[in-house]
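Below: one structure, written as structure tokens.
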Amino acid sequence: MRITFKLTKGIVLIAFAAFILSACGSKNNNDASPSASGAPSPSAQASESASPSDSPSASASASPSDEPQVTVEFWHAYGEGEEKVLLEQVIPKFESVYPSIKIHATRMPTENLDQQVLTAVAGGTPPDIMRMDNTWVSNMAKQGALQEISGFPDAQAILDNSFKGTVDTNLYKGKYYGVPLDTNTRVAIYNQDLLAKAGATEAPKTIDELVDLARNIKKQGKFSGITIGGTNVWDFSAWFWTLGGQYTDPDYTKATGYLNSDASVKALDTIYGWYKEGLLAPPILGGQPGTWEGLRGDKGKAPSYMMITDGPWFFSLIGDADTKGKMLPAVMPAGPDGQSHSVIGGEDLVLFNGAKQPDAAWKFAQFMTSTEIQVLLAKQTGQIPTNKDAAQAPELKDVWYLQAYVDQLATAYTRTPSPNANKINDAIGAAFESVFRGKAKSKDALDKAASQIDGFLNE
């Protein structure tokens, strides 16, 4: 679901267990579950609305309203510290702007949460709105559980002001069934001492430069220049995409001709070539030390990995004392198109079919995605904003490692949004692993996976 990181002195909100289980970085990172039928489409008669960058200010004076009082049921799985900010700061601000709307927020247990959602939908008692893991959205939409958002005021404005990779997590059959709320991605993290040993004082700008540095440090003995955490989609995608590989067409409808294209085969062959040359660290096939241990050193052993890729939780969990001035975050080095393409994690806001207060719930969605509230949540909880204006807010510039993640989000991609996301990702990961295990050639492995995935996309 999410990992929070430190943004203000003395505030470190960590949800490590959630990280292990979440879509942000688990090996089964696209858990999705079926949902049940729905009901009415959103009313087009919602009253005053807030644009994503100019929502009603929390400081605006709330005039008395003759509107009937309504209550919006909001489910979430925020951590304890995040929930405190929600209840004590965010919701009171919203209710001061919309005095006729009350938000009843329920913190849900993360275990089997998807099943609880299904039960509520099937029983006709869903919440109005939910903060949902972005890997669940397409499957919930397929089952008719979610409202398509195009009929709501300013829906397109919210999408337009959000990072594209986060927007795409809400897609199902060309339509959007939610809006991005918070996000994360992976960047390159360098051990500055080993980077210097390799002959550089700053992060490499291109893949070719990185490979040269990896060769330099390999010559010095027990060092690895490039670390890929595994052949699974969460760990491997950034490298595959950056080198020109694709999983599907841009509309996520077909894998054949994309996953097994010449460019994709070349991308996989290139990475496998690094492995054969000894440039990749042991975690690519589950070897030790692990990524963090190899980058930092572990149990009295010196660091041996020049770089890894990971999310902002790396810095919050370890802390400034052991990272600032020692570890260097940077966007992934660029590939053939002059860009790098990392992977998207995070949560979306969705409205349910059968919601009793869809219009009021949408106002809350607008409020939560506004620049003001996204900056507040970033400062107080460490969530990376999906709102592009909020992500560049001056108030966030004092977080020394954050800018690399914001910059990376501009070109980051979502994992294939599909009700069969788990099966798709498993097929891709199996293809990659078969090549690295020496069981298949890249072209054969990708041909097989592309054929399987076409079937999954058409179900």
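The values are calculated or read from the model by the stated rules, or taken from the named source; none is laboratory data. Please read all numbers here as calculations on a predicted model, not as lab measurements. Glycine gets a Cβ as well: all are built from the backbone with ideal geometry, and neighbour counts include every protein chain shown. Quick note on the areas: whole protein, heavy atoms, side chains included, nothing else; ligands and nucleic acids left out. Shrake-Rupley method; radii C 1.70, N 1.55, O 1.52, S 1.80 Å.
Can you compute the helix-only [θ] at 222 nm over the chain? Use -39500 (n - 2.57) per DSSP H run of at least 4 residues, normalise by all residues, nearest 500 deg cm²/dmol.
Mean residue ellipticity, 222 nm, calculated: -10500 deg cm²/dmol.
Using a 1.4 Å probe and ignoring any ligands, DNA or RNA, find the accessible area of R131 and quote it in Å² to the nearest 10.
10 Å²
Choose one of G229, F314, L159: the residue whose Cα lies farthest towards the positive end of the charge dipole of the chain (beta-carbon charges +1 Lys, Arg; -1 Asp, Glu; about the Cα centre).
Result: G229.
Any idea what Rg and Dmax come out to for region 279-401 if you just take the C-alpha atoms, in Å?
Radius of gyration, then largest Cα-Cα span, for region 279-401: 19.3, 59 Å.
Could you please state, rounded to a whole Å, how far the C-alpha centre of region 238-265 is from the C-alpha centre of region 283-302?
Cα centroid of region 238-265 versus Cα centroid of region 283-302: 31 Å apart.
Please grab the % of Cα pairs in region 66-142 that end up more than 21 Å from each other.
Numbers: 1020 of 2926 pairs.
Summing the P(r) of region 66-142 above 21 Å gives 35 percent of all pairs.
How much of the DSSP bridge set in the chain is antiparallel, in percent, rounded to the nearest 5?
Antiparallel bridges make up about 65 percent of those DSSP assigns within the chain.
State, as an integer percentage, the relative contact order of region 364-439 based on alpha-carbon contacts under 8 Å between residues 6 or more apart.
Normalised by residue count, the contact order of region 364-439 is 17 percent.
Quick one, which of (i) 22.3, 76; (ii) 22.6, 70; (iii) 23.6, 94 is the actual Rg and Dmax of the Cα atoms in Å calculated for this model?
(i)
Rank these residues by their accessible area, most exposed first, probe 1.4 Å: E67, E83.
E67, E83
Which value, in debye to the nearest 20, gives the size of the charge dipole of the chain about its Cα centre, when Lys and Arg are +1 and Asp and Glu are -1 at the Cβ?
1560 debye
Using 0.36 nm times the number of residues separating W400 and K299, minus their current alpha carbon distance, what extension gain do you get?
Extra length from W400 to K299 when fully extended: 33.6 nm.
Region 392-459 to region 118-144: how many Å between their Cα centroids?
Answer, in whole Å: 24.
Taking +1 at the Cβ of each Lys and Arg and -1 at the Cβ of each Asp and Glu, which of L210, Y98, L446 sits farthest along the dipole of the chain towards its positive end, judged by Cα position relative to the Cα centre?
Sorting the options by dipole projection puts first L210.
Going by alpha carbons, how many degrees (0 to 90, nearest 10) lie between the helix axis of 233-242 and the longest principal axis of the chain?
70 degrees
What ³J(HN,Hα) values, in whole Hz, does the Karplus curve 6.51 cos²θ - 1.76 cosθ + 1.60 give for region 83-88 when θ = phi - 60°, with x put for Gly and Pro?
Whole-Hz 3J(HN,Hα) from phi for region 83-88: 4, 4, 5, 4, 6, 9.
Just the number, please: carbon plus sulfur as a percent of the accessible area of region 224-362, 1.4 Å probe, no ligands or DNA/RNA counted.
Numbers: 2320 of 4690 Å².
In region 224-362, the share of accessible area belonging to carbon and sulfur is 49 percent.
Near the amide H of K254, under 5 Å away, which other amide H atoms are found, from residues 5 or more places off or on another chain, if H is placed in the peptide plane?
Those lying under 5 Å, H to H, from K254 are D249.
Please state the shape class of region 355-459: rounded when a/c is under 1.5, otherwise prolate if a/b exceeds b/c and oblate if not, all from the C-alpha gyration tensor.
oblate
Using Cα atoms only, what is the angle between the long axis of helix 113-122 and the major principal axis of the chain, expressed in degrees (0 to 90) to the nearest 10?
With rounding to tens, the tilt is 40 degrees.
In percent, what relative contact order does the chain have, based on Cα pairs under 8 Å that are 6 or more apart in sequence? Don't skip to the answer; put the middle values down first.
On the way: 968 pairs, mean separation 125.7, N = 459.
Worked out over the chain, it gives 27 percent.
So what is the accessible area of the chain per residue, in Å², with the probe set to 1.4 Å?
39 Å²
Sort 281-294, 359-372 for me by packing, meaning the mean count of neighbouring Cβ atoms within 10 Å per residue, highest on top.
Peptide ranking by packing, descending: 359-372, 281-294.
Rounded to the nearest 20 Debye, what is the dipole magnitude of region 348-459 about its Cα centre when Lys and Arg each give +1 and Asp and Glu each give -1 at the C-beta?
Using Cβ point charges on Lys, Arg, Asp and Glu, region 348-459 gives about 300 debye.
Charges on Cβ only, +1 for Lys and Arg, -1 for Asp and Glu, centred on the Cα centroid of region 395-448; of A410, I424, S434, which one is farthest towards the dipole's positive end?
After comparing all options, I get S434.
Express the relative contact order of region 88-244 as a whole percentage, based on alpha carbon pairs under 8 Å and six or more residues apart in sequence.
Working: 91 pairs, mean separation 17.9, N = 157.
Over region 88-244, the number comes to 11 percent.
Output the 0 to 90 degree angle, nearest 10, between the alpha-carbon long axis of helix 371-381 and the longest principal axis computed from the alpha carbons of the chain.
Approximately 60 degrees, to the nearest ten.
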